[in-house]
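Reviewing the structure listed below.
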Amino acid sequence: MASRSNSKVPSMKDLGKEYDGFTITITGDRVGNMLFSVETQTTEERTQQYQSEIESIYKDLTAKGKALMLSTELGDADAVCNLILSLVYYFCNLMPLSRGSSVVAYSVVMGALMASGKEVVGRIPKGKLVDFEAMTTPSPESFSKTAKNWMNLMSLPVWYQSLPSVAETFPSSRTMIEVLNTDSSSHCPKKS
């Protein structure tokens with residue numbers, strides 16, 4: 001016996017349009033053993049649909065990010081944050097890498113939020129997974145609301161502005177890779 005359910009992901013770009021999400025399959029046998037699996041179909045058409053959605057959001061994010069640099073309106077910062085989280089929503093629903101996609105997406109979010117003047121001070125609740133939250137939330141807006149509650153976003157402290165520019169400090173790919181291979185334990189606070 002098998003039961004299968006397919007999720008749908010709403011488009012922000014083309015209102016009313018939906019993309020294929022993931023498939024949940026539950027199978028069982030006569031003894032009562034159950035197998036639960038979650039699968040995403042990686043087809044060229046599906047990938048192109050998500051790519052188009054992500055490109056549209058990125059274009060909007062770039063424009064709003066530039067406007068945010070010139071603005072002091074809180075609504076602008078919130079709109080940028082929502083777009084950043086919408087990118088993660090679609091990325092996680094596309095699931096282009098593997099189980100590591102969620103970690104990659106969350107790391108990018110933290111950097112993008114810092115670039116927009118926000119700091120993540122909250123933590124993902126125990127027992128929650130960013131990718132599964134994105135995959136099981138009905139819309140990017142709902143996911144954004146949930147994620148922002150976890151993140152407990154704050155404005156970056158003033159001292160962040162005194163940090164050196166990454167591009168100037170690490171001008172080449174080689175210097176960026178070298179710094180990742182450095183033992184920084186002497187510069188990190190010790191856990192007690």
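Some points to look at:
- Any hit, the stretch 150-170, residues being within 14 Å of the chain's Cα centre (by Cα) and assigned to a helix (DSSP H, G or I): yes
- Criterion: charged (D, E, K, R) and more than 26 Å from Val80 (Cβ to Cβ) - qualifying residue of Lys64, Lys8: Lys8
- Residue that is surrounded by the fewest Cβ atoms within 10 Å (Cβ to Cβ) [pool: residues in the stretch 6-29 that are small (Gly, Ala, Ser) and either part of a strand (DSSP E or B) or under 18 Å from the mean Cα position of the chain (by Cα) (or both)]: Gly28
- Pair list, Cβ < 8 Å and 6+ apart or interchain, from the stretch 24-43 residues that are at negative phi to residues that are of a type in the set (Phe, Trp, Tyr) and loosely packed, with under 13 Cβ neighbours inside 10 Å: Ile24/Phe36; Thr25/Phe36; Ile26/Phe36
- The residues on offer are Glu141, Glu73, and the sole one that is at pLDDT below 90 and of a type in the set (D, E, K, R) is Glu73.
- Scanning the stretch 30-81 for residues that are in a strand (DSSP E or B) and of a type in the set (S, T, N, Q) yields a single hit, Ser37.
- Qualifying residue in the stretch 94-105 (condition: modelled with pLDDT of 85 or more, among the polar types (S, T, N, Q) and in a helix (DSSP H, G or I)): no
- Scanning the stretch 129-149 finds no residues that are surrounded by fewer than 11 Cβ atoms within 10 Å (Cβ to Cβ) and either among the acidic types (Asp, Glu) or part of a helix (DSSP H, G or I) (or both).
- With respect to the conditions (1) modelled with pLDDT of 90 or more; (2) of a type outside the set (Ser, Thr, Tyr); (3) surrounded by 11 or more Cβ atoms within 10 Å (Cβ to Cβ), Lys126 lacks only one, and its number is (3).
- Filter pass, Ala115 being within 18 Å of the chain's Cα centre (by Cα), surrounded by 11 or more Cβ atoms within 10 Å (Cβ to Cβ) and modelled with pLDDT under 90: yes
The values are calculated or read from the model by the stated rules, or taken from the named source; none is laboratory data. What you are looking at is a predicted structure, and each value in this text was computed from that prediction instead of being measured. A quick note on method: Cβ atoms are made from the backbone with ideal geometry, for glycine too, and the neighbour counts reach across all protein chains shown.
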